[in-house]
1. Choose one of V31, N226, V240: the residue whose Cα lies farthest towards the positive end of the charge dipole of the chain (beta-carbon charges +1 Lys, Arg; -1 Asp, Glu; about the Cα centre).
2. At a Förster radius of 25 Å, what calculated FRET efficiency corresponds to the Cβ-Cβ distance of M202 and V120, to the nearest 0.05?
3. If each residue of separation counts as 0.36 nm, what is the full-extension length gain between V221 and V37 once their alpha-carbon separation is subtracted?
4. So between A187 and V129, what do we pick up on full extension, going 0.36 nm a residue minus the alpha carbon distance?
5. How big is the C-alpha Rg of the range 56-134 next to the rule-of-thumb value 2.2 N^0.38 Å, as a ratio?
6. Apply 1/(1 + (r/R0)^6) to the Cβ-Cβ distance of V95 and Y238, taking R0 = 30 Å, and write down the FRET efficiency to the nearest 0.05.
7. What value, in deg cm²/dmol to 500, does the helix sum -39500 (n - 2.57) over DSSP H runs of n ≥ 4 give at 222 nm once divided by the residues of the chain?
8. Applying 1/(1 + (r/R0)^6) with R0 = 51 Å to the Cβ-Cβ distance of L178 and R20, what FRET efficiency is obtained, to the nearest 0.05?
Amino acid sequence: MSRGSLAAETAPTRAWRWLREHAVNMVGVLVVIYLLVPIAVIFVFSFNNPAGRYNFTWVGFTFSHWTDVFGIEDLTEALLTSLKLALLATVISTVLGTMMALALVRHQFFGRRLSNFLIVIPMATPEVVMGAALLSFFLIIGTFSLGFETLLIAHVMFCISFVVVVVRSRLIGFDRNLEEAARDLGANALQTFRLVTLPLIMPGIMGGALLAFALSIDDFVISNFNSGTTVTFPLYVYGVSLRGIPVQVIVNDAIHDRLF
């Protein structure tokens with residue numbers, strides 16, 4: 001057999017080997033592109049100058065909507081409400097979720113297994129069911145009138161589970177010998193937590209906080225049940241979509257997607 005025929009036979013083998021080695025990376029790149037295409041379309045159409053109420057067809061290029069991003073007062077108020085709600089829900093759910101994760105991983109107590117099960121339920125429950133259940137709860141107890149307070153409680157309710165799961169995953173792989181070494185060197189419990197434990201689990205805490213913020217600022221279904229007269233950004237977008245979405249909404253969506 002000649003060298004040319006040998007090379008011709010081994011070329012498909014080399015190509016197949018290269019494909020197997022890079023298949024995961026190729027699929028990952030295609031998935032990322034697929035996810036970013038809608039964001040790219042929103043960004044492009046934020047420069048569109050639509051002729052009517054709907055921004056579905058390209059008419060002409062303009063910067064006017066970017067120079068007047070906050071020109072619609074109701075839109076700006078709804079965006080600020082969503083940011084305030086997401087920040088408060090993130091802080092509360094991160095603090096409570098981190099303490100819950102520490103308790104579930106490091107302590108044995110009655111009902112620990114049940115608590116681990118109950119933590120997962122809000123993540124697996126459909127948002128329609130959770131939103132209706134929370135609405136019924138608020139109406140039955142009658143302590144809160146539907147508004148920002150009920151929205152905050154509802155958002156903390158579903159965000160805290162994600163924080164617990166992320167921080168708990170970080171704690172499971174935590175080396176407790178580092179804490180014991182700090183205690184042997186004279187650090188008390190608070191110093192050990194502040195100087196050793198907290199820095200090491202901080203990536204998990206930050207990951208849970210970012211996930212909670214993204215879930216809160218983007219929520220529509222649960223907010224629609226428990227908002228009362230309070231209007232968040234997703235609720236505002238849904239309302240104006242029934243009569244035509246202003247381009248400023250698309251501009252804010254483009255800014256939101258690029259930041260978060």
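1. V31
2. The formula returns an efficiency of 0.55 here.
3. Gain on extension, V221 to V37, equals 63.8 nm.
4. Additional length available on full extension: 16.1 nm.
5. 1.83
6. Given R0 = 30 Å and the Cβ-Cβ separation, E is 0.45.
7. The helix-only estimate for the chain comes to -25000 deg cm²/dmol at 222 nm.
8. E(calc), rounded to 0.05, equals 0.80.
The values are calculated or read from the model by the stated rules, or taken from the named source; none is laboratory data. Everything quoted here is computed from the prediction, not taken from an experiment. Reconstructed Cβ throughout: ideal geometry from the backbone, glycine too, with neighbour counts over all protein chains shown. The area values use the complete protein model at the heavy-atom level, side chains included, leaving out ligands, DNA and RNA. Shrake-Rupley method; radii C 1.70, N 1.55, O 1.52, S 1.80 Å.
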